Structures are given as structure tokens and as C-alpha cells.
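We did not get these values from a lab; they are worked out from the coordinates using the rules stated. Predicted model, so just to flag it, every value in this text is computed and none were measured. We place every Cβ from the backbone using ideal geometry, glycine too, and count neighbours over all the protein chains shown.
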Number of protein chains: 4
Amino acid sequence: MMNNDNNSNNRFASIFLNGIYPPLPTPFNEKGEIDPSKLVRNIDFLNRFNLRGYVLLGSNGESVMLTNGEKIALTHTVRSILPPGKLLIVGTGCQSTLETIMLNQEIYKVGADVALVITPSFYKAQMTNEALINHYMTIADESPIPILIYNMPANTGIDMDAETICAVAQHPNVIGIKDSSGNVAKLGAIRNTMGTGFQVLAGSAGFLLPALSVGAVGGIMALANIAPGECIEIQRLFSEGKIKDAQNIQVNLIPLNTAVTSKWGVAALKTAMDNIGLYGGPVRGPLLPLSSDQKKILNSIINMTGLKKV
Amino acid sequence: MMNNDNNSNNRFASIFLNGIYPPLPTPFNEKGEIDPSKLVRNIDFLNRFNLRGYVLLGSNGESVMLTNGEKIALTHTVRSILPPGKLLIVGTGCQSTLETIMLNQEIYKVGADVALVITPSFYKAQMTNEALINHYMTIADESPIPILIYNMPANTGIDMDAETICAVAQHPNVIGIKDSSGNVAKLGAIRNTMGTGFQVLAGSAGFLLPALSVGAVGGIMALANIAPGECIEIQRLFSEGKIKDAQNIQVNLIPLNTAVTSKWGVAALKTAMDNIGLYGGPVRGPLLPLSSDQKKILNSIINMTGLKKV
Amino acid sequence: MMNNDNNSNNRFASIFLNGIYPPLPTPFNEKGEIDPSKLVRNIDFLNRFNLRGYVLLGSNGESVMLTNGEKIALTHTVRSILPPGKLLIVGTGCQSTLETIMLNQEIYKVGADVALVITPSFYKAQMTNEALINHYMTIADESPIPILIYNMPANTGIDMDAETICAVAQHPNVIGIKDSSGNVAKLGAIRNTMGTGFQVLAGSAGFLLPALSVGAVGGIMALANIAPGECIEIQRLFSEGKIKDAQNIQVNLIPLNTAVTSKWGVAALKTAMDNIGLYGGPVRGPLLPLSSDQKKILNSIINMTGLKKV
Amino acid sequence: MMNNDNNSNNRFASIFLNGIYPPLPTPFNEKGEIDPSKLVRNIDFLNRFNLRGYVLLGSNGESVMLTNGEKIALTHTVRSILPPGKLLIVGTGCQSTLETIMLNQEIYKVGADVALVITPSFYKAQMTNEALINHYMTIADESPIPILIYNMPANTGIDMDAETICAVAQHPNVIGIKDSSGNVAKLGAIRNTMGTGFQVLAGSAGFLLPALSVGAVGGIMALANIAPGECIEIQRLFSEGKIKDAQNIQVNLIPLNTAVTSKWGVAALKTAMDNIGLYGGPVRGPLLPLSSDQKKILNSIINMTGLKKV
């Protein structure tokens, strides 16, 4: 196992990702159009917390529902309202290598700091390790900003293994990975191979503390939109060795996290945001709004979790 | 089981899909740009056969690699060169319901006859039967041309079941399904519920004859690009009750079909087209060209199958 | 592709499997004990039909719920009551190679004609093609009766591919396969490689006609316990080239077949047997009896199918 | 979420599972027969470490390859040589509810402390949550010793969810779960619902530290056969809040753990045991011994891990 803690080739070595990031939902009005003013209000709230930055156009941002024009405009808007020091990570991964490269250049021009590139997945049988490595290497070669790999098997049906991730991680422009698989043994394997030079972010609040225990430096998690303080607190307590205290917060968050991710997804996250005083609003089809029964269950989970109103 | 052989509400009842369709690969030049002249040449060859029509922008058309602009332009070009009577089916299914509706309107304007709508798949856990039905019903309501469902679980990870398909099939603008799952018992179940008013097309040459045996009216199959005569002959022999003769052609095609679909996909289909004198050309990344070893194996399979040169 | 229509090495070449076989459920009384007298009665009914033989101790026989002692005794009983000319195929596949070999010898002594050997599956990650080939070759070497491979991915999670099946099929003691995957393209591939010297049986009535269309010689199917005449008629009509007539029977059987196989399994098959006047009786745990709602739905499907009472 | 930290109904409340357990491989001689003397020698070595106890007849014990007679005899032998205070957990889960109940009674008679009951899995489509709950509740009712649920989706294809596990956990005779899924968010959800009254054991060394971070009380792990000291040390450091030190040991163990579990399984574990001076010996078919290439890679991983010789 090679250990390259000191990777002097890394153009982006100065970008430390340590910390918590909410993947911002894209706010639509009742006509289904993006309403940037709602996003401004949500970010105003989130800015009160010690978040490391924001992720735009991830799975929770309904990225696959947006045109490239909408994506670039939204990135521009958010950059313009972010306080200094907050990282802006933007999802750009498309099915096509070339389209991803083009989008990386466009979002760089409007102020993105890091491009989050989800695995292509349509031609599953052809997405061999070789094809994935070639895809990421080509993109990293052409990108004006650093690349964060995004592994999200529940949505893509593609699960990059540790060896393939570490192969891509050799590229100096690839600074880390958001892994939503929940496979923490894999995160530990990456840590073992790469040392601290490659930054791992947990992709869900459901396993933040376990991921930190094997070397993750933070996380990008839906729950950080509605429970930012709790997510930050888990990491703070962990870094101080107060594991039992971190554990109590961690396990308390899991039912709500499950509800707004694997169980009901973005529609539930938006409903929860509406519930606590942020703007959630409608989802774009084919996603459906929660049924009234689902809303009742969600509300009771929110109450049980003790989520604070804005 | 409801049997609606006489669906008088169907605006598009006059569109009979019976027959064989090649899903046309999109020809790129060495720079990765679309070269429509190559497609014209390929279609010239295919026009010699008694094909029912053509499918543009399916999985073999690398639809997910194309911009909407490229899609509309390509449809326009192909329509302009098709002889009268050939159906033009065009893939328009996107992850977003609204974007699919928009594309349906655009391709209708440039001459498409039928829209082929693949299941949305990114938010897998939320793609309940209810969400899928709502997606297709909304699209069918708004479409100026009839809809053909496209079920392709190997690529999407979503497999519509017979009950959901039959629910969508109630819509008068939904005239049939291309099913690539290979689950012929499901095709028989659809036939049993819907009678002959809803048209099933096999999605691969690997199970054309079995699909016909349970009521399919034809097929859309990669192999029809390189072995159109054989595919047509299977259906002709079947319709004459000459099953043993049909079977001999059918089983002989399977190894080549596997190579250009599930095993190596579009890159193999394009290589085979180059091999027999058509234009295949390169694929767009993240798809990779075949290795030289893979090409050798493919060529020997082509020879064993006895594929004719153009 | 090698074609060995004339496999002169085959010790068992004279065993022609052509035809339909019901996989007999094991009858338990209310205490959960095997009651052989019930099986005798069921077989009396089935003997009125032109079935090629019977399968004992398959998935529908709840083989995994029985001790080896029960298996051997049951085989002995059934052999003693079968009319001459009926083949007796007995399931013997265990997780262990050696235990399977031992069982093959035991059931041979009490009169079994053919051993049905399901793929081992517990150590899934280690069940490579090499391990499967070695397992079957070792068993075939030691077996006093011919081997029928049993591929049942829905239960085992293991799906033997065409190449692995054809490798095992080289052994002269391996005379065929029961394939329950429903992947008829694979059956066609086996037919293409092996010619007619290796006998394929469909593993479910849901795809009997499609399987026949690509060269299957019959089938082993739960539905043959309750609709033996219909299953036999499909094969007869197929062999006479009357595909449309066969198709009508085929598609009509699919909803009932789904109910007693993939949907509710053995408990539904036994309930249907009780319903038409045969003995079904209880299942062994962890299988559960049908709920009263499930029974109502099943009965309505039975009526819709037009199943005849005994 | 109910919290029953004080479950006064629990007959077995005094059995604290906290700690590390090796799942002992079953030693076969070259003829494939069990050689208990080899097991005695291996246990002599393991007794030098502060292990909480031993697991017999788990997946690593090739339980599915053994007859019930072999299982009972082996349990008797091991009990007779264990020092006082070491827990003896024995795998008894069969496909049949009744057979599992019978085995529980037999192993109790020969000295087992706890029965480890894997999920039944053959009739996958029928293994609903209701069926699983009924299976475990029936077994727990009849068992003379406490039950430990064993969830092992990689081998069984069945993955019990948190809600189903917590439903079974209501039974006073069910004291905990060994979960090998690696889904630590689920472990946290169980901890959140059940409090500390239900004991969770990690099922693999690959995620021991992450599992402890969400409330697991120890682990049953193949690696504890060859690296018992390291596994114990991870838990000791964790309990003292020395997470960074625990992390270093944890991530260093992952490549070796992967090799002897998901990658190559029991054969690799036995080879590694032979390598360090314990008795591994052959596996039973259909498992295959490692190839010489695999052995070389395994040896280099053992060296890299710094595993100590006996």
C-alpha cells in the first residue's frame, strides 16, 4: 500500500475540505420554476452555523431535473451571496465525459471552488473500472478546479471499489471523495492506502461518526440542511475524543436521516424544511410530494428527534 | 383481467407497429462530432430490407451523450431522408418529466412519429409504481405523438412490472412498450391483460422468437443494424408457423447479439458495423472502444454467425 | 460453437426427458409430519395425464425442510407406486459436494432415475464458474444415475451462465438442465452450443412456450400439479406448429403461475391444490400459510384461469 | 422510539456479550474428516488472549457442510476444553424452523451458552418481515439458551432491517445480533430504538471501530482467529477514548480482512492460519483451495499487515 501523505504535486493541496456541508435543495415555486430568493433565505439561516461550505446541484439539488443553463445561473447566484471562506462545491457529473468537462469550465467561471462528479451509470455493463478511471482522469486533466469523486450506488447502481477510487486519487486534481454507500470498511481501506493526502467525506448523516472513526474529514449530508448544529457537534465531540457524547447525538439523528434520504428522499427533506421554517417547496416530477400520511409520520419523527425551528 | 381489444378511444389506433426496427447508432467522426452523412449511408443500406421503421436516440444511439440540440437536429435529418411509410421512433425520455414533455414537442415538429420514453431512474427508491404511472400519464397527456414505453432494467435499474405497464397502457396515447428485460413471462402477462390493443416489441434479438410466441408484434434490436434480413426472416417464418426454421436462425444469432448488447454494448455494435462495411466509428466517453483482443473475439463471432458484408 | 448432436459417450443417452413434469409438493399433516398417503392420492390424479414423469424434493417439495432420512423414504414410497415408464427425478443438491454425492447414491438405491442438483449458494462470493464446474464434475463422476443441473437464481442468488452450463454439459453423466431463471436467450445460447444432445427443461410454466421456441424439450413446473392438461397441451400444440392456439393457453396460465411461484410460492400451490380437490395441506416454517385475503385473491385467479376441479 | 435499558423480563440478562470472538474454522484432515485435535491446538493459542469466547459452526465453521451429528459432537468437544468464563456461541440456524429448534436443544445439552441463528433464506420471496419475525419468535420460545440473531446478507441474500430486528428483539430470549452487513447506520438505528438492553456485535473486523462508535459491544470476526490481539486492542483503545490509536490499527487490518472474508473467504482464512503456525487445512467442496497465485498475494498482504507468527 502506497502512502502519499506528502503529495507535493497537488495543485489544490491548500483546499482543506474538513467539515460539514449541506447539499442545498433547489427551491422551486408552485409553477416549478427556480426561485433563487428562497435559496438566499435558506443560506442566511445556514450561515449562522460553522459549516465549512455548501454543495449545490447534488442529488438533493435535483440536479438531473435542471438544464445546464439553470445550473450555471444558480451557481452564479449562490457564489454572489456566500460569505468569504465558505467553500462552494458544485455537482457537474453527467453521463458524458465531454459534457462534464464543459460544465466544469462553466461553473468555474461563475465561482465554484470544487466540482463534485458523480459516476456515470447509464451503460452499467460497460462501466468497468478501466472506463471509470479513464472518465475521471480525462475530466481531471481538463478541469480548472479540483475534482471530488461522488459515489452514490443507491441512485446510480454503480459502486466504485477502494482500488478504483485509489487509482483515480493518484491524479493531483482529484482531492477527495464523497461516498454515500455507507460502506465504512471501504472508507477505511482508502484511508489505509492513501494516508491523509486524499480527503474522504461521508455522504450521509447516518454514518458520520463511524466514517470519522476511520479517517473521514467531514461530510456532505442532507440532514445538515435541517440539523446543521447537530452534525457539526458530532464532528467537534469526535475530535475531542468525547465519543459517547457524539454517539448519543449520532444515533438520535438516524431515524430522521433515513426518512429524508433512503426512505422518502428529496420530497421529505423539502417537507422537513418547510416544517421548521425554511423554504422547501415542491419537487419536480417524476418525484412526487409526500402523501398526507407520510407527512404525519415525518412530523412525528421530526418531533421525536427534537429538531429546532428556525 | 380486462381485455380491451377494441380501444375506440385510441387517437393513434391506426399506428401499427408490427415489424422490425434497428435502433440507429449515432455516428461520430474522429473529433467526436456527429456526422449525419454517415447515418444517411447506413440508412441507405438498411432501406433495402423490409424494416418497419427506425429508432433514433435509443440506448444504442448514445442518447445520454447528446445535447437536446443534437437530438432535434438529428431527428430532422433522418426524417428528411426516410422513404414514405417508414416509422420514425425517437427516444425522448429524460430524468425530468417536464424535459421529456418539451422534447416530445420538439421532435414532433421535426417529423417523429412516436416517442420512446425510457423509465426515469436516478431517484430509484422514489420510483414507485405510483411515481412511474404519474410520470407516463402526464407525458402522454401532453404529447402530440403516441408514446412507446421503454423498459430497460439493465441500464436503468428500474424494471416496470406487468401491472404498472398495464396501468399506463390505459392511456389512449400510450400505444405499446419496448421491453428489454428479457422477461417473456411478463410479456405474456401483458398480452393476457391487454389483448391485442397494446403493442409489445421485443427489446433485443436474443429473445425475438420467444417474445413473438407470447404475442409480441416485432422488435427493436441492435442486431437489426447488422443482420436486418435475419431478424425479419425470424418474424416471417414465425407468422407462417415454421417454428423450427425460425428457431435455427434465432439460436444462431444469440452469441453475436450477446456480444453487441449485454457484453460489450454500443462499442461492439459500432465495431461490427465497421467490420461489415457500414459506418460505426467511435463512441463517446465514458464508453471505451473495444480492445484489440475484444475485436478479435468479436470478429470470430461475426464469422461464426455468417454475417453478410454490405 | 461446438455441436455435439451425436454424443456417443453418453451412458444415459437413452433417457429422453421430453415432456412435462410436476414438482410434487411434500404433503404434511397438521402436526407437520409427512403423510405419504396424501401423495399417493395426488399422484393417482396426475397419472390420468400424459406426464413424462415426476420430480420429488425440488423447491416445491420443500426439500430444504426435510431430513435426509425423510428424503430417502419419500423417494422409496413414490417409486413403489409409479406406473412403468414414468421417470422419477429427485432433488439431491446440498450445499456440500460430498453430501450431494452421498444422497445420489441413496436415492439411486430406492429407485430414482435422475438426480436434480441445484447450485450450491451459501458461499456466494466463492461460487465462481470454476467452483461450480468442479462441483458438478465431481458429483457427475460419482453418480450412479444421470445428473440434471438445476439453476434457480430467485432462490439461490446464483445464476449459472450459458458458458458454465455448457462446460458442465461436457460430462457424459450430465444430461440436461432445469432452468428457472426465465432467461430464454440463455436457453437459446445453450441450444446453439450444445445442439440437441443436451436437454433443456423450462423451470416454470410462465415461459414454457417461449422456452420450447428456442429448443427446450419440456418443463418441470409447479403449475403441472394443478393444470397438467394445459401444460401438456401447450407442448402438443407447439409440436404441431399451432402456435396461436398454444399462445392462448400459455398467456391464460401466467397470472395463476405467478401466484403459485414468484408471488406466494409453495403455500399458494398447496392452497390451490386444496381448492381443486387434491391434498395441499400446511407448509413447514419459516414458510407461512396464505392469509385469508391472499386466499381470496388466489381463488379469484383460479376461477379466472378456469382451472378444473378434480 | 422505545428504550428498554432495563428489561427485567430477560431470563438471560446476566449474559454480557461484550468483547471479541473468533468464529472458529472447522479443521478437516486431508481425507475431509473433522480432526478435533487440531481445533484443540488452535484454541490453546487463542486462549492466551483476552477473548470473551468462541463461536462454533458459523459461516467460517463451514456449518452448511456439516451433518447435525458432526455439529453436536464438535460442540461437545470444544465445551470440554474451554476454560471457565469463556462463552461458547454455536451456530444452529437451518432453513427449517423445526430443525433449528431441535439443534438448539441438542447443543444446549452438550454445553453451548448461546445459539447463533442465521436468517433462513431459500424461499427468498417469501421471507417477508412477518415470516422472519415468526421464525425467530417460535425458535426463541422453544430455546433452552438465549438466541443471537445472525444477519449475513452476502451469503443469504436476506438483509433484516432495523425495524424487523427490533421487533424480534422484544423477545426476552433474544439477547443480541451479529450483523455482517457492514451497514453501521442500521446498527445505530437499533441502538437508538433498543438502548443498551440489546447487544450488537460487529460481524467483521472491517468495521469493528465504526460499529463500536454507534454502540456495538464487540464483534465476531474471522480476523480474530489470526489477529486476536489487534481486534481486542481496537476495542480497548476505543473504550479509553484513544480513537486515533484505534483507527491506526483498524485501517491497517482492512486489506487482510477483505482477503479472508468477502474476497476469498474461508479458504483464505485457513491458508492464513497455516501461514502463521496454526492449523487451517483444507476446505470442503464446493469451496476450492486458493490457487498458488492467490496464496502469494495473500502472503504479501499478511506480511504488509505485520501479522505475528504463533
Considering each residue of region C:176-186, count those that are under 22 Å from B:Asp179 (Cβ atoms) and in contact with a Phe, Trp or Tyr (Cβ under 9 Å, 6 or more places away or on another chain), and give that number. 6
Is one or more of the residues making up region D:24-40 hydrophobic (A, V, I, L, M, F, W, C) and exposed (fewer than 15 other Cβ atoms within 10 Å of the Cβ)? no
When you go through (1) over 14 Å from B:Pro27 (Cβ atoms); (2) surrounded by fewer than 19 Cβ atoms within 10 Å (Cβ to Cβ); (3) more than 12 Å from every other protein chain (Cβ to nearest Cβ); (4) not small (Gly, Ala, Ser) one by one for B:Asn68, which number turns out not to apply? (3)
Just checking: which of the strands (runs of 3 or more DSSP E) contained wholly in region C:39-121 hold 3 or more residues that are out of contact with any His (no Cβ under 7 Å at 6 or more places or on another chain) and of a type in the set (Gly, Ala, Ser)? none
Working only within region C:258-286, note down all residues that are within 14 Å of chain D (Cβ to nearest Cβ), in contact (Cβ under 8 Å) with a residue 24 or more places away in the chain and assigned to a helix (DSSP H, G or I). C:Thr258, C:Ala259, C:Val260, C:Thr261, C:Ser262, C:Val266, C:Ala268, C:Leu269, C:Lys270, C:Thr271
What pairs come up if the first residue lies in region C:127-148 and is within 21 Å of C:Val55 (Cβ to Cβ), the second is of a type in the set (Lys, Arg), and their beta carbons are under 8 Å apart, counting only those six or more places apart or on different chains? C:Pro146/C:Arg11; C:Leu148/C:Lys178
Can D:Gly188 be described as touching a residue at least 24 places away in the same chain (Cβ under 8 Å) and at positive phi? no
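Here is a list: B:Thr271, B:Thr261. Which entry is among the polar types (S, T, N, Q) and either under 14 Å from the mean Cα position of the chain (by Cα) or on the phi > 0 side of the Ramachandran plot (or both)?
Checking each option against the conditions leaves just B:Thr261.
Name the residues in region C:16-37 that are part of a strand (DSSP E or B) and small (Gly, Ala, Ser), would you?
Taking region C:16-37 first, the residues part of a strand (DSSP E or B) are C:19-21, C:23, C:28, C:34.
Within region C:16-37, just C:Gly19 meets the criteria.
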Please state which one of B:Ala112, B:Ala169, B:Ala131 is of a type outside the set (Phe, Trp, Tyr) and closer than 26 Å to C:Phe207 by Cα. B:Ala169
Scan region C:247-257 residue by residue and report those that are in contact with an Asp or Glu (Cβ under 8 Å, 6 or more places away or on another chain), free of Cβ contacts under 8 Å to residues at least 40 places away in the same chain and buried (at least 22 other Cβ atoms within 10 Å of the Cβ). none
